[in-house]
Amino acid sequence: YTLYFFGRSVSQFGTWMQRTAVVWVVYSMTESAFMLGLTIFAEQFPSFLFSAFGGVAADRYNRYKIIQITQILSLIQASILAFLVMTGHQNIWSFIILCVFLGIINAYDIPARQAMINEVVTDDEDRPSARTLSAAMASIAKLAGPALSGIILQKFGAGTCFLINAASFAAVMLSISLMKIKI
């Protein structure tokens, strides 16, 4: 669980850095509160829409493989955002499409990730503590990730935030690969 926890922690910080950078870039491009809201909706609604399918997949299929696939797809999504921003080819519609893509990925990743705690924490008495620790880390990342993103946005730009998030998915893949999981 320690490996899983630290890998997920790094990824959660990266995710919140990316979310903050997306908001920054979209508002900087459009200066439109509507387009900003639409972009955020574009990420959140697919998660809501497809989360039941993600839950079914987490119950029926190998969670380890689901997480591997979602982490690779998330890494690709963040890398594309970084490329678009760093080359100056970003536009609002590419951001919206990539946010929809991330929302679909998250619909499968979140149920698999939450259910995987039951596989990595084998003692029933430790599971509530593991869930609480995971929830606490998510809250800390939600608080500190945007703050860290603000510093990086100012010093290095949004593309760097997206690259850091892409690298954060590698932390999850590394932590899971180091774990001894029954496949």
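The table below gives the values:
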| read-out | value |
| --- | --- |
| ALA158, sole failed condition from (1) on the phi > 0 side of the Ramachandran plot; (2) under 18 Å from the mean Cα position of the chain (by Cα) | (1) |
| Of all residues in region 161-183 being within 18 Å of the chain's Cα centre (by Cα), within 18 Å of LYS65 (Cα to Cα) and not hydroxyl-bearing (Ser, Thr, Tyr), the one that is most open to solvent (accessible area, probe 1.4 Å) | LEU174 |
| Identity of the residue in region 97-135, within 15 Å of ARG8 (Cβ to Cβ) and modelled with pLDDT under 85, that ends up surrounded by the fewest Cβ atoms within 10 Å (Cβ to Cβ) | ASN118 |
| Number of the condition not met by PHE41 [criteria: (1) modelled with pLDDT of 95 or more; (2) within 16 Å of the chain's Cα centre (by Cα); (3) open to solvent by less than 80 Å² (accessible area, probe 1.4 Å)] | (3) |
| Contacts under 7 angstrom Cβ, first residue in region 156-183 being modelled with pLDDT of 95 or more and part of a helix (DSSP H, G or I), partner surrounded by fewer than 17 Cβ atoms within 10 Å (Cβ to Cβ) and of a type in the set (S, T, N, Q), 6 or more apart | ALA166/SER79 |
| Selection from region 70-88 of residues that are without any contact (Cβ under 8 Å) to a residue 24 or more places away in the chain and crowded, with 16+ Cβ neighbours inside 10 Å | ILE80, LEU84 |
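The values are calculated or read from the model by the stated rules, or taken from the named source; none is laboratory data. These numbers come from a predicted model, not from an experiment. A quick note on method: Cβ atoms are made from the backbone with ideal geometry, for glycine too, and the neighbour counts reach across all protein chains shown. For accessibility, only protein heavy atoms count, side chains too; no ligands or nucleic acids. Shrake-Rupley method; radii C 1.70, N 1.55, O 1.52, S 1.80 Å.
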